[in-house]
Structure formats: structure tokens, C-alpha cells
Number of protein chains: 2
Amino acid sequence: MLTQNQIKHIRSLQQKKFRDEYKQFLAEGPKLVEELIGSKFSFDCIYAKKEWLADNAARLQAKEIQFIEINSKELERISGLIAPNVVLAVINTPEKSFPENIFGKELILVLDQIKDPGNMGTIIRTADWFGINHIFCSENTVDVFNPKVVQSSMGSISRVNVYYTGIEKLLTGIHTKVSIYGAYMNGENIHDIPVQPNGVIVIGNESSGISTELKQYIHHKVSIPYFRGPNERGAESLNASIASAIMCYEFRKKTAHVS
Amino acid sequence: MLTQNQIKHIRSLQQKKFRDEYKQFLAEGPKLVEELIGSKFSFDCIYAKKEWLADNAARLQAKEIQFIEINSKELERISGLIAPNVVLAVINTPEKSFPENIFGKELILVLDQIKDPGNMGTIIRTADWFGINHIFCSENTVDVFNPKVVQSSMGSISRVNVYYTGIEKLLTGIHTKVSIYGAYMNGENIHDIPVQPNGVIVIGNESSGISTELKQYIHHKVSIPYFRGPNERGAESLNASIASAIMCYEFRKKTAHVS
């Protein structure tokens, strides 16, 4: 049985200010929660229906994760999903220190004002697929612990480190040491640019692209070629998560392996 | 001033059965509606606030589009968006006849049970970018005129033709004439397969992939290589819209041009 205070607390985690205050975030549904139990994250508490708890009792005990059994009505009251699904977890936000000396040593993604939670989660999931371990975001990029980001990242938030920082200051510090590539509408064809496998890829906002003040730090303005006749009308742009996926794919291509 | 019947009618178009009955669908927001006014679609009526109507009066008159001025409160009552935005259009669903003799002549996309409206809209937008004109969907793929599909397709629904049909029957009829490629988890590396530029690409359901009964018609089971060490854990899969984008990109690469 949940108390009013528990319900209020869990619901408050839908909002960034309370996630920041309590240093906790939400994950829902059996697939996601079960994957995150196997991750480095520490859990505050799992709220789940009887059948899920029965199936997962051994793992919860092994990991010493606290849980509370709830019924369908209670799950509906705490869930942020349209169709609540068996289990909701309150997870402690991991402490992250800003990594040193990684630029030029691995492929890095920089996000400038990505606003859509679905795009953000998909970008994290795709980065994870392509072995990108660090994503740097402008302060006004959507919160990585927004429940919709968590859901669409499909567990990849436990492997990919996401940092929020001033992007201009970041690029000022690194642009003399590493090649910086930006996704633009009218850039060079991605097939024609020299790819530095450990470069930095910058993806801009869904509507307005990369901020003007960042332009001076970007060595290669890159476009994904479209396929239309010269007088034929097509889509104006690609979705930000699609553009970043194709860029990551192209950068990883030469050294990629299926295992 | 809207009548109760008008409000009820517009709201009903959130549901497939009423979209099918009235042969109408919804589009919202100035960017999308303005793009669709320039398309082949015929409009039933536009419901918009004074400022939008003032800005677009000439175009509405030129296209002979009927409109009704509404206030913010009325817009809120008819809108399906969390943040309603100035204008909502009721558009007549175009009549589409099943195209003949296109297989083997252009690149075609086949969707087997895509369920997420955001994925569906993004796939249509990406297809449009890569000059794919026809998408064939299983009957249980999400409706192309679902408001969330319409929103995330960003106007591309006016250029890309989407058909619903039995996919097994479709593939039975064409698999001896054209190369069929399917996105699989454990297929051949996409870099190693012979690409037929006018082939057919099949994308499966977000969770379960391509239906078992379709497997026999697929000549090339294709995977997008991931980039992780042999004992390193990464994302289990790519989002369906990302996988289809990378496949379309790879198929178009050799002949692509930026104009």
C-alpha cells in the first residue's frame, strides 16, 4: 500500500527540478527496468505488481534492491505512461565527473539544444550501438533523466555518459587539437570529407540547427546527400536523431565489426 | 464560433475508425499546415486564429480553402497537441490506387508491423529525403493518417505514397523478379552485400522484427554493424526508424547527389 507522500514523491520525479533536488529518476516497464537492474545504476526502490516481483525475486535479492508490491490502481497513480506496465523503478542519479583527455582519443558526440525527448533517447541508444561512450550537451538540451528520454534510450543511458556544459567553451578548448564535424543543411557531402575516426560530431537543434556562435569552431560542415532530381521537391531536412545516426554510421564504417 | 458538432467531428478524427468513415485527417501547427497547403492534398476546412489567417489570407483564397476563425479556447478544445499552435486543418484523405509495375524500377520500402507513430512518421520523412516514393505496409502497421504520424512526417506524407496490404502476398508476387533485403539482428554486414539500387527493403516490428512467415522471401538478411569489443555490452538493437534510415542511406550512397 502506497502512502500519499510516496505517490507525491514519485510523481514529482516527472519534473526536472525535483529530479535534481532528490537526485533520482524514473524508469518504467519490465524490459527497461530489468535491463537497468543489470547495470551500474543503484536503485532507490522498485514498485511492482505481484507477478513481476515473483519472476524477479532472486535478482532483486542478489542486488539488494528494495521493493514494494503494488496493485494496478496504484501503478496507474504513479505511472507517467499512457499504458502503465507492471513495474516502475526509482533510480539514484549517478555522480559523474567530467572526463579528462578523451578528445582525439575516441569518437565524441556533442548535442547543441536537442529539445525532443524521443530524439535525445534515440541518439543515446544509437551512440551506444556505435560504441560512443561520451555525449556532451548544451545546458539547454533536454534532460537525459526526463522519463521520455529514459524510455526511448532503452537502457543505453546506463552505458553512455551524458554531460551538460557550455558548448562554446568546450569547443574553444579543443578545436586546435581535434577535428570537429558539424551536421549542416548545406555542407560538404559526407562522402567527400576526410573522416578522423576520433573526431567530434556536433548535432544542432531540430529546427534551427547548430548555434551561430559555434560555427567558427567547426572544421567540416557536413551534409547527408539527398536523392531527388534538381527540380523535384523532397523533405526539407532529416530528423536530428536520423542525421546523427547516419553520421555515426559513416564515421564507424571503416572499422566496424559485427560480433 | 464552433458548434458542438464541429468540435465533436474534429475530435473524432483522432481515431482511425472515424478517419476511415469521414475520409479525413488532421494536421496541426503553422509549419506543417503551410507546407501541406502547397501540396496535392485537398482541404476540408482550416480552423485558425486571427493572426494566422491574416498572414495566410492570399494563399487560402488562391487555393480556395475554406476557413473558420477560432480563439485560443476553441483551439484548445479541438487540438490533440499538448501545446496547441495557432492552426488546425481538416484534410481530405487522398484516393490512392495500388501502383503497377514499379518493383525493380525504383527503390521500395516495406514496413512489417511498425507500431510507433513517431517511428512511422520519421520513416516517411527519411524515405522522402532519399527519394523513395512508395512504402508498402502490413495491415497492422500504424495508420499513416494518425495525427502523430502526420506531425512527425513533417509534410512528407504529401509526397510519399503509403499503401496497406498483405505483405506475404506482395512478396510472393515479386520475390522472383527483384532482390529483397530485410533488416535483421544477425544478418550479413550491410557493407558486404550486393546492393541492387532498385531493390526492396523490408523493416520489421520494433520488438519482434520481421515476421517469420516473410523470411523465405528475403534474399539478403542484412545487419548494420555495431562498434563494440567482443566482450563489451552495447545497445541490443537500433530503433526501427534509425535502421531503415541507415539502410536507405547505404542503398542511395553510390548515386546520391546534393543539389
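The values are calculated or read from the model by the stated rules, or taken from the named source; none is laboratory data. Every value quoted in this text rests on a predicted model; they were computed, and no experiment measured them. FYI the Cβ positions are ideal-geometry reconstructions off the backbone, even for glycines, and counts take in every protein chain you see. Side chains included, ligands, DNA and RNA excluded: accessible areas come from the protein's heavy atoms. Shrake-Rupley method; radii C 1.70, N 1.55, O 1.52, S 1.80 Å.
Quick notes
- Of the residues making up segment A:1-13, those that are at pLDDT 95 or above and crowded, with 16+ Cβ neighbours inside 10 Å are A:GLN6, A:HIS9, A:ILE10, A:LEU13.
- Across segment B:89-119, the number of residues qualifying as among the aromatic types (Phe, Trp, Tyr) and either closer than 30 Å to A:PRO117 by Cβ or touching a helix residue (DSSP H, G or I) at 6+ places or on another chain (Cβ under 8 Å) (or both) comes to 1.
- Lone unmet requirement of (1) within 14 Å of another protein chain (Cβ to nearest Cβ); (2) open to solvent by less than 70 Å² (accessible area, probe 1.4 Å) for B:GLU74: (1)
- So A:PHE227, is it touching a Gly at 6+ places or on another chain (Cβ under 7 Å) and either under 30 Å from B:SER223 (Cβ atoms) or open to solvent by 10 Å² or more (accessible area, probe 1.4 Å) (or both): yes
- Given (1) within 21 Å of B:LYS105 (Cα to Cα); (2) more than 9 Å from every other protein chain (Cβ to nearest Cβ); (3) open to solvent by less than 20 Å² (accessible area, probe 1.4 Å), number of the condition B:TYR217 does not satisfy: (3)
Let's see how each residue does on (1) in contact (Cβ under 8 Å) with a residue 60 or more places away in the chain; (2) in contact with a Phe, Trp or Tyr (Cβ under 6 Å, 6 or more places away or on another chain); (3) more than 8 Å from chain B (Cβ to nearest Cβ); (4) farther than 27 Å from A:LYS169 by Cβ:
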position	(1), (2), (3), (4)
A:HIS191	no, no, no, yes
A:ASN205	yes, no, yes, no
A:ILE210	yes, no, yes, no
A:GLU213	no, no, yes, no
A:GLU236	no, no, no, yes
A:ASN239	yes, no, no, yes
A:TYR249	yes, no, no, yes
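- The set of residues from segment A:14-23 being open to solvent by 100 Å² or more (accessible area, probe 1.4 Å) and without any contact (Cβ under 8 Å) to a residue 24 or more places away in the chain comprises A:LYS17, A:GLU21.
- Of all the listed residues (A:LEU32, A:LEU26), the sole one being touching a Leu at 6+ places or on another chain (Cβ under 6 Å) and open to solvent by less than 20 Å² (accessible area, probe 1.4 Å) is A:LEU26.
- Considering (1) closer than 22 Å to B:GLY155 by Cβ; (2) within 14 Å of another protein chain (Cβ to nearest Cβ); (3) open to solvent by 40 Å² or more (accessible area, probe 1.4 Å); (4) of a type in the set (Lys, Arg), the lone condition that B:LYS115 does not fulfil carries the number (1).
- Number of the condition not met by A:TYR181 [criteria: (1) more than 14 Å from every other protein chain (Cβ to nearest Cβ); (2) free of Cβ contacts under 8 Å to residues at least 60 places away in the same chain]: (2)
- Evaluated against (1) outside any loop (DSSP other than H, G, I, E, B); (2) in contact (Cβ under 8 Å) with a residue 60 or more places away in the chain; (3) open to solvent by 10 Å² or more (accessible area, probe 1.4 Å), B:ALA54 falls short on exactly one condition, (2).
- Each residue in segment B:121-141 was checked for being hydrophobic (A, V, I, L, M, F, W, C) and either within 15 Å of B:SER158 (Cβ to Cβ) or surrounded by fewer than 20 Cβ atoms within 10 Å (Cβ to Cβ) (or both), and 5 of them qualify.
- The residue that is surrounded by the fewest Cβ atoms within 10 Å (Cβ to Cβ), among those in segment B:149-168 that are over 14 Å from B:SER97 (Cα atoms) and in contact (Cβ under 8 Å) with a residue 40 or more places away in the chain, is B:GLU168.
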